[in-house]
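First the structure, in the form of structure tokens, and then the observations on it.
The values are calculated or read from the model by the stated rules, or taken from the named source; none is laboratory data. Owing to the predicted nature of the structure, the values given are computational and were not obtained by experimental measurement. Cβ placement follows ideal geometry from the backbone for every residue including glycine, while neighbour counts extend to all protein chains displayed. Just so you know, the surface numbers come from the protein's heavy atoms only, side chains and all, with ligands and any DNA or RNA stripped out. Shrake-Rupley method; radii C 1.70, N 1.55, O 1.52, S 1.80 Å.
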Amino acid sequence: MNRSLRRRFAARNKPKKKIVLSWDSARARIASMRALAGRPAQNPKMLEKVKTALAGQLDRAREEGRPLKEHVGAARDGTHALEVATTELDRQDEAGIAGALGGAPACRMGCAFCCVLRTGPEDSGLLVTEAEARRAGAALAKLQGQPDGRSWIAQACPALDPESRACRIYESRPVMCRSVYNTDAQPCADLVRSGGARGYTLNSDAADIHYLAHAIGVTTVGEGATGTVYSFARFAGEVIDGAGIDQALSRARFPKGTIDKEVLVKAD
């Protein structure tokens, strides 16, 4: 093995330095985060908003006397990121959504073309965190044995009713599902029928904020920007087909590092 290869091999196999976390060091790590890739890397205001929100969560947990271990667990499974994104979505109103889109949304119950979740080599089937998946899991389990969205289109979300095409887990649907609209439903339908890319428009920064908050959360607690994420299409299908929540999560898990394709962060 030549010298260059030896160096690369040694660097790749060098044991990672274990992070000893405290309340203060966790807050310092949040403050030092930089976005290196993805849309948040071009949006410093978004980065600061997310860091402020996560630091606020940390401070509240500390003031309330919660165990640090509990806080770390909520960062790892995406609970904190879900809270940050939900706050962002809840503050929006119809006028704000129309303003962001440049017109009133055409989305109606039963349209559902944005619910076709492609799962090919270049598609994720909708990335979700463990917290999102578990929140939806209880509602999905009630649908076991029933016809689902895959009876309408093979790659449709299993949470859909195949006749009405209404979402049957609407109150616990993932962040991305709450973040998409279009001013004209026809392009969405045309793209799905032609096998093209997504036909919807993100109505806000909520989806990016969600991925960014999760990446910062897991990096803060020493996992690196590799928060475990899951294919919602696979997870939902597994649960409706009879799998338990933990088993479905195991089968729907993506390799570590998958979230890096959405956003990459680093603590200085």
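Here Gly65 fulfils each of the conditions (1) more than 22 Å from Tyr211 (Cα to Cα); (2) open to solvent by 80 Å² or more (accessible area, probe 1.4 Å); (3) modelled with pLDDT of 75 or more apart from (2).
Take Thr79 and tell me if it is modelled with pLDDT of 90 or more and loosely packed, with under 13 Cβ neighbours inside 10 Å. No, not satisfied.
Going by what's in this entry, would Leu140 be described as buried (at least 20 other Cβ atoms within 10 Å of the Cβ) and either at pLDDT below 90 or farther than 25 Å from Ser250 by Cβ (or both)?
Details: buried (at least 20 other Cβ atoms within 10 Å of the Cβ): yes; either at pLDDT below 90 or farther than 25 Å from Ser250 by Cβ (or both): no.
No.
Looking only at residues that are open to solvent by 20 Å² or more (accessible area, probe 1.4 Å), closer than 29 Å to Ala141 by Cβ and not in a loop (DSSP other than H, G, I, E, B) in the range 212-268, which one is modelled with the lowest pLDDT? The extreme case among them is Arg253. Residues in the range 168-192 that are of a type in the set (S, T, N, Q) and closer than 11 Å to Arg135 by Cα: Ser172 only.
Before we move on, is Pro105 touching a residue at least 40 places away in the same chain (Cβ under 8 Å) and either buried (at least 22 other Cβ atoms within 10 Å of the Cβ) or in a strand (DSSP E or B) (or both)? Before you say what the answer is, go through the steps one by one.
Details: touching a residue at least 40 places away in the same chain (Cβ under 8 Å): yes; either buried (at least 22 other Cβ atoms within 10 Å of the Cβ) or in a strand (DSSP E or B) (or both): no.
The answer is no for Pro105.
Out of all the residues in the range 178-187, is one or more basic (Lys, Arg), farther than 17 Å from Ser231 by Cβ and touching a residue at least 60 places away in the same chain (Cβ under 8 Å)? Yes.
Residues in the range 27-76 that are touching a residue at least 60 places away in the same chain (Cβ under 8 Å) and assigned to a loop (DSSP other than H, G, I, E, B) were compared, and the one that is farthest from Gly222 (Cα to Cα) is Asn43.
Return the residues of the range 157-194 that are of a type in the set (D, E, K, R) and surrounded by fewer than 16 Cβ atoms within 10 Å (Cβ to Cβ); say none if nothing qualifies. Across the range 157-194, the qualifying residues are Glu163, Glu171, Asp184, Asp190, Arg193. Selection of first residues in the range 138-159 that are over 18 Å from Ser194 (Cα atoms) and touching a residue at least 60 places away in the same chain (Cβ under 8 Å) and of second residues that are surrounded by fewer than 19 Cβ atoms within 10 Å (Cβ to Cβ) and not hydroxyl-bearing (Ser, Thr, Tyr), restricted to Cβ pairs under 6 Å at least 6 apart or on distinct chains, gives the following pairs, ordered by first then second residue: Gln144/Gly242; Pro158/Arg150. Just wondering, is there one or more residues in the range 157-178 that are modelled with pLDDT under 90, more than 19 Å from Ala85 (Cβ to Cβ) and in a helix (DSSP H, G or I)? No.
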